[in-house]
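**Q** Sharing a structure below in structure tokens format, with a few things to ask.
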Amino acid sequence: MRRNALAAGLLLAATSALAPHAPSRAQQAPAERRPGDGTEWGYAGPSGPEHWAELSANHKVCAEGAQESPIDLRGGVPAKLGDLRIEWRPVPLRVANTGHSIQVDAPPGGRLVMEGRTYELLQFHLHHPSEHLLDGRRFPMEIHFVHSGPGNGVLGVVAVFVEHGAPNEALEAVLANMPAEPGASREAADARATVQPHRLLPAGRDFLRYEGSLTTPPCSENVDWAVLTQPIQASPAQVDALARLYPSNARPLRPLHRRSLLRSER
Ligand SMILES: [Zn+2]
């Protein structure tokens, strides 16, 4: 895709009307930490996932927790969960390389309503390859839309699998603006450019629900997960662009233990 055509599309997106913002909020419990916060962790070697719990007293649950993520999503008990109501807003195209992922922070007011509870979109970020598996299948990418929840410290994360196929325009906007340097953040050349996060969603909204954790330290078990079962597509070149910066930023699978996995039923 040509960049100028893309820029025109983004400009169009930027003109869509915005309702007045909700009161400003502090970023609550971001799923990704920035380098230099004193608890360096990574995905390989002595700071890799099998050592996360040793790196800080705050990370103990990474090793000891019984409600950890990600998991292999198999089967699921059919349940009347209702629809996922997703009311996200256009997000300014400011892309951060956190050192653990590529992340875009959302302005206030983007909402998710799940099982009668309201969550607010904080950010979305990318994993290569996917962290969750679907009936044993790993996908080339997984996108996490992280929301603050209604309760104290509760998060709601909507996960979207990405399979190889046609290029995705919204994803291209993110990839074309991602900085290579960990800790860096880059704004699009057009400061009014936005990305529409709902264009990173599949048409089908069937999902799997379970109670889990952050997939990064401190691995807190406070996440209401909703994993969409229909993947979106991205071109192999788009997946490769992320893979060049992040050859693997996927935590290994954790056991399901005594948790229930629910499958949305209409
Ligand atoms: Zn994530």
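**Q** Among (1) buried (at least 17 other Cβ atoms within 10 Å of the Cβ); (2) in contact (Cβ under 8 Å) with a residue 40 or more places away in the chain, there is one condition residue 170 misses while meeting the rest; what is its number?
**A** (2)
**Q** Further question on the same structure: From 91, 160, 95, which residue is open to solvent by less than 10 Å² (accessible area, probe 1.4 Å), within 15 Å of the ligand (Cβ to nearest atom) and at pLDDT 95 or above?
**A** The match here is 160.
**Q** Can you tell me which residues in the range 211-223 are touching a Phe, Trp or Tyr at 6+ places or on another chain (Cβ under 8 Å) and open to solvent by 10 Å² or more (accessible area, probe 1.4 Å)?
**A** Scanning the range 211-223 gives a single hit, 211.
**Q** Residue check: is residue 214 more than 30 Å from residue 57 (Cβ to Cβ), within 16 Å of the ligand (Cβ to nearest atom) and within 17 Å of the chain's Cα centre (by Cα)?
**A** So residue 214 does not fit the description; no.
**Q** Separate question: For the structure I just gave you, tell me whether residue 226 is aliphatic (A, V, I, L, M), open to solvent by less than 30 Å² (accessible area, probe 1.4 Å) and either outside any loop (DSSP other than H, G, I, E, B) or on the phi > 0 side of the Ramachandran plot (or both).
**A** yes
**Q** While we're looking at this one, here's another question. Only one of these is at pLDDT 95 or above, touching a Pro at 6+ places or on another chain (Cβ under 6 Å) and open to solvent by 60 Å² or more (accessible area, probe 1.4 Å): 117, 111. Name it.
**A** Among 117, 111, only 117 is at pLDDT 95 or above, touching a Pro at 6+ places or on another chain (Cβ under 6 Å) and open to solvent by 60 Å² or more (accessible area, probe 1.4 Å).
**Q** If residue 68 meets every condition in (1) within 18 Å of residue 220 (Cα to Cα); (2) open to solvent by less than 10 Å² (accessible area, probe 1.4 Å); (3) away from the ligand (no atom under 16 Å from the Cβ) apart from one, which number is that one?
**A** (3)
The values are calculated or read from the model by the stated rules, or taken from the named source; none is laboratory data. Remember, it's a predicted structure, so these values are computed and weren't measured experimentally. Backbone-built Cβ (ideal geometry, glycine too); neighbour counts: all protein chains shown. Calculation scope for accessible area: heavy atoms of the full protein, side chains included, ligands and nucleic acids excluded. Shrake-Rupley method; radii C 1.70, N 1.55, O 1.52, S 1.80 Å.
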